[in-house]
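Presented below is the structure to which this report refers.
The values are calculated or read from the model by the stated rules, or taken from the named source; none is laboratory data. The structure displayed is predicted, hence computed values, not measured ones. Counting neighbours? That spans all protein chains shown, and the Cβs are built from the backbone with ideal geometry, glycine included. Side chains included, ligands, DNA and RNA excluded: accessible areas come from the protein's heavy atoms. Shrake-Rupley method; radii C 1.70, N 1.55, O 1.52, S 1.80 Å.
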Amino acid sequence: MAIKEPDRIWWNPLSKDERIWVILALVWMLVSFFFMPLWHIVGAQNPPAETYRVTPEQFDRLVEGMVSKYKVGEEKGVPVVHPDPTEPVFIRASMWQWYPIVEFEKDRTYRVHLSSMDILHGFSIQPVNMNFMVFPKYDYVLKLTPTTTGEFHIVCNEFCGLGHHMMVGKIYVK
Ligand SMILES: [Cu+2]
């Protein structure tokens with residue numbers, strides 16, 4: 001028996017099953033593609049796109065200004081503030097602390113400004129699991145409307161060095 005040369009026209013014909021899978025994959029790819037911009041318009045939880053340039057010194061002044069105006073207490077050396085909902089709120093990230101602790105009122109909308117004093121940190125509100133990035137030199141504005149009362153934690157979810165695991169902040173909603 002002689003060795004037969006393989007059939008060179010390997011792509012033809014396309015079997016029925018293969019055609020179905022190619023079409024399904026194409027349709028799903030197109031659905032995903034168009035949903036990306038669509039979610040940005042109709043989605044309920046979009047990451048905000050409002051940012052400003054700020055130096056750590058400028059941001060620190062804004063944080064301290066808010067703290068001296070709205071301080072209502074202190075926990076382990078970290079001030080607790082109860083800001084006016086009509087005014088901007090500033091939360092500062094640094095190695096390895098969230099500053100200050102903020103008290104919000106339920107169902108009021110706040111503009112929360114986030115920035116880092118040093119390196120990249122991750123702002124993760126637990127247990128609701130909302131995640132944002134905090135960059136140095138950028139003021140990142142979140143529009144936040146707490147809908148449930150209670151105690152929430154801000155966990156840093158970007159590894160930021162030795163004390164990363166201790167970088168836990170707090171938000172109270174009353
Ligand atoms: Cu961190």
Residue ranges of strands (runs of 3 or more DSSP E) in segment 46-141 with at least 3 members of a type outside the set (S, T, N, Q) and surrounded by 14 or more Cβ atoms within 10 Å (Cβ to Cβ): 78-81, 89-94, 101-104, 110-116, 121-126, 130-134
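A quick yes/no check of all residues on (1) over 26 Å from Ile125 (Cβ atoms); (2) part of a loop (DSSP other than H, G, I, E, B):
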| position | (1), (2) |
| --- | --- |
| Arg8 | yes, yes |
| Trp28 | yes, no |
| Phe33 | yes, no |
| Leu38 | no, no |
| Ala44 | no, yes |
Which numbered condition Cys156 fails, given (1) under 23 Å from Glu57 (Cα atoms); (2) surrounded by fewer than 18 Cβ atoms within 10 Å (Cβ to Cβ); (3) near the ligand (Cβ under 10 Å from one of its atoms); (4) of a type outside the set (D, E, K, R): (2)
Every residue in segment 104-129 that is more than 16 Å from the ligand (Cβ to nearest atom) and out of contact with any helix residue (DSSP H, G or I) (no Cβ under 9 Å at 6 or more places or on another chain), please. Phe104, Glu105, Lys106, Asp107, Arg108, Thr109, Tyr110, Arg111, Val112, Pro127, Val128, Asn129
Filter pass, Tyr172 being touching a strand residue (DSSP E or B) at 6+ places or on another chain (Cβ under 7 Å), modelled with pLDDT of 90 or more and open to solvent by 80 Å² or more (accessible area, probe 1.4 Å): no
How about segment 142-153: which of its residues are without any contact (Cβ under 8 Å) to a residue 40 or more places away in the chain and either open to solvent by 50 Å² or more (accessible area, probe 1.4 Å) or within 16 Å of the ligand (Cβ to nearest atom) (or both)? Thr145, Glu151, His153
Could you please tell me which pairs satisfy a Cβ distance under 7 Å, a separation of 6+ or placement on different chains, a first residue in segment 42-63 that is free of Cβ contacts under 8 Å to residues at least 40 places away in the same chain, and a second residue that is open to solvent by 60 Å² or more (accessible area, probe 1.4 Å) and assigned to a helix (DSSP H, G or I)? Asn46/His40
